[in-house]
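The values are calculated or read from the model by the stated rules, or taken from the named source; none is laboratory data. A quick note: this is a predicted structure, and the numbers were derived from the prediction, not measured. A quick note on method: Cβ atoms are made from the backbone with ideal geometry, for glycine too, and the neighbour counts reach across all protein chains shown. Only protein heavy atoms, including side chains, enter the accessible area calculation; ligands, DNA and RNA are left aside. Shrake-Rupley method; radii C 1.70, N 1.55, O 1.52, S 1.80 Å.
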Number of protein chains: 2
Amino acid sequence: MAENKHENILRAAQKLFAERGYDGTTVPMIAEEAKVGAGTIYRYFENKQKLVNELFRGSVAQFAATLRDGFPEHKDFRDKFRHVFYRLVRYSREQPEAFRFINATVNAYFLDEQSKSDFEGFMDFIERHLDEGKEAGLLRDLPAQAFIAIVYGTIFHLSRMFEDGTLEPADELLAGIEKSCWDAVSAV
Amino acid sequence: MAENKHENILRAAQKLFAERGYDGTTVPMIAEEAKVGAGTIYRYFENKQKLVNELFRGSVAQFAATLRDGFPEHKDFRDKFRHVFYRLVRYSREQPEAFRFINATVNAYFLDEQSKSDFEGFMDFIERHLDEGKEAGLLRDLPAQAFIAIVYGTIFHLSRMFEDGTLEPADELLAGIEKSCWDAVSAV
DNA sequence: AAATCCGGAATGAACGTTCATTCCATTATT
DNA sequence: AATAATGGAATGAACGTTCATTCCGGATTT
């Protein structure tokens with residue numbers, strides 16, 4: 001029961017931050033959602049800003065783990081690309097609140113330095129993977145950041161559409177978009 | 001000087017909303033940035049929520065105008081696609097605050113119905129244009145929304161990178177990314 | 001032409017409310 | 001019984017908003 005509260009507060013905060021943003025969410029709101037007293041939150045977190053930063057880093061770590069887990073280190077680059085694409089999609093679908101929260105928070109004024117560098121470290125993982133493909137001559141002559149914009153940007157927007165019902169996720173659709181992204185980045 | 005104040009307040013609000021979000025921006029902050037008294041804001045706007053909605057609709061209208069202006073109605077689809085791509089990029093570069101504000105605000109809880117439908121109307125313009133290309137058999141067999149995710153999502157992420165200096169905008173780079181996007185959506 | 005008056009624009013102090021945070025009596029655990 | 005954890009009332013700061021007052025350019029009166 002004890003350690004559960006820490007987790008309950010984080011989950012409640014994640015849900016509310018994803019819905020209403022950091023400043024639009026009050027500490028009493030988080031307390032009610034987590035079914036604890038407002039004061040209890042301060043037994044687990046120094047203040048609201050420490051809470052949001054801890055949540056952010058935890059979400060980024062989980063996100064990074066999702067990508068790294070089962071990474072086909074010894075298969076060819078096409079498989080690695082597919083892996084990253086589908087894991088990005090998987091995370092955005094299985095943890096839509098976390099995904100939305102992360103993306104809404106990346107550039108926020110209340111993120112501390114550690115949170116920012118944690119996220120950069122995660123992005124570096126994607127960038128290194130893309131650089132490898134570039135060196136192998138499989139990708140176009142564009143900076144790795146451009147590929148990130150294409151792949152991550154596409155998936156980010158896609159997840160918005162899945163969430164608000166503009167688009168229905170389906171295996172066939174995802175396969176088609178994965179192919180589109182690959183065609184967008186692969187050398188002609 | 002009179003009508004200027006209305007505009008000064010909107011610009012100040014846009015800057016602050018883009019940086020800190022709606023709830024993270026206080027009315028006195030807007031007043032200071034606009035160099036007016038806090039009470040003056042209420043001579044021009046009924047309340048903070050009306051202000052953010054008026055700002056949103058104005059930004060969307062300007063955004064839509066940027067896309068529609070000079071639209072090559074009588075050229076072929078490839079040119080129209082290029083036009084939309086470059087106008088999206090242009091707006092995100094010339095009005096980075098407005099672009100960021102719009103994207104951060106699209107799904108916000110404080111947007112009223114008119115604001116939401118104004119934005120939908122704008123998206124419909126892009127969707128109709130894509131459907132035309134689909135009917136002509138020039139695009140892949142994917143829903144128009146998927147193309148929007150690819151093109152708009154890419155540009156959205158790109159503009160983030162241009163803003164924070166992760167990536168330098170250059171004609172050659174943009175031409176490469178436009179080509180990538182076209183290859184992602186065009187029939188094989 | 002100078003002095004006075006006028007009305008709306010502008011202001012910022014003040015209001016009631018709500019916020020993040022603290023405090024403490026009560027409850028649960030050891 | 002002692003200690004730790006808890007919830008929610010209490011607190012002061014800060015919020016959005018209001019309003020009594022000031023300001024100021026143009027009309028009116030002298």
task: Shortest first and in nm with one decimal, please list how far the residue B:43 label point sits from its counterparts in the other copies (point 7 Å along Cα→Cβ).
output: 5.3
- request: Identify the residues of segment B:23-48 with backbone N under 19 Å of a label point that sits 7 angstrom from the Cα of residue B:5 along the Cα-to-Cβ direction, or state none.
  value: B:27-48
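In nm, what is the difference between 0.36 nm times the number of residues separating residue A:168 and residue A:74 and their Cα-Cα distance?
Extending this stretch completely gives an extra 30.5 nm.
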statement: One computes Rg over Rh for segment B:48-185 from alpha-carbon atoms, with the Kirkwood Rh, and obtains 0.97
- request: At a probe radius of 1.4 Å, figure out the B/A buried accessible area, summed over both chains, and give it in Å² to the nearest 100.
  value: 2900 Å²
task: Just flag the trypsin sites (Lys or Arg not before Pro) in segment B:26-91 sitting in loop per DSSP whose Cβ has no more than 12 other Cβ atoms within 10 Å.
output: B:35, B:75
Whole-percent pair-distance distribution, where bins are 10 Å wide, for the alpha carbons of segment B:8-59: 28, 66, 6
query: How would A:160, B:100 rank on accessible area, largest to smallest, probe 1.4 Å?
result: B:100, A:160
- prompt: Considering only protein heavy atoms, what per residue accessible area in square angstrom results for chain A with a 1.4 angstrom probe?
  reply: 47 Å²
statement: Carbon/sulfur accessible area of segment B:1-72, % of total, 1.4 Å probe, equals 47 percent
- request: Would you calculate a helix-derived [θ] at 222 nm for chain A, using -39,500 (n - 2.57) for each DSSP H run of n ≥ 4 and dividing by the full residue count, to the nearest 500?
  value: -25000 deg cm²/dmol
message: Measuring nothing but label to label, 7 Å from Cα along Cα→Cβ, what are residue A:112's distances to the other copies in nm, shortest first?
response: 4.1
Residue among A:129, A:74, A:157 with the largest mean-square fluctuation in a Gaussian network model of chain A, springs linking Cα atoms under 10 Å: A:74
Listing of segment B:4-50 residues, each with accessible area lower by at least 40 Å² in the full protein assembly than in the chain alone (probe 1.4 Å): B:20, B:23
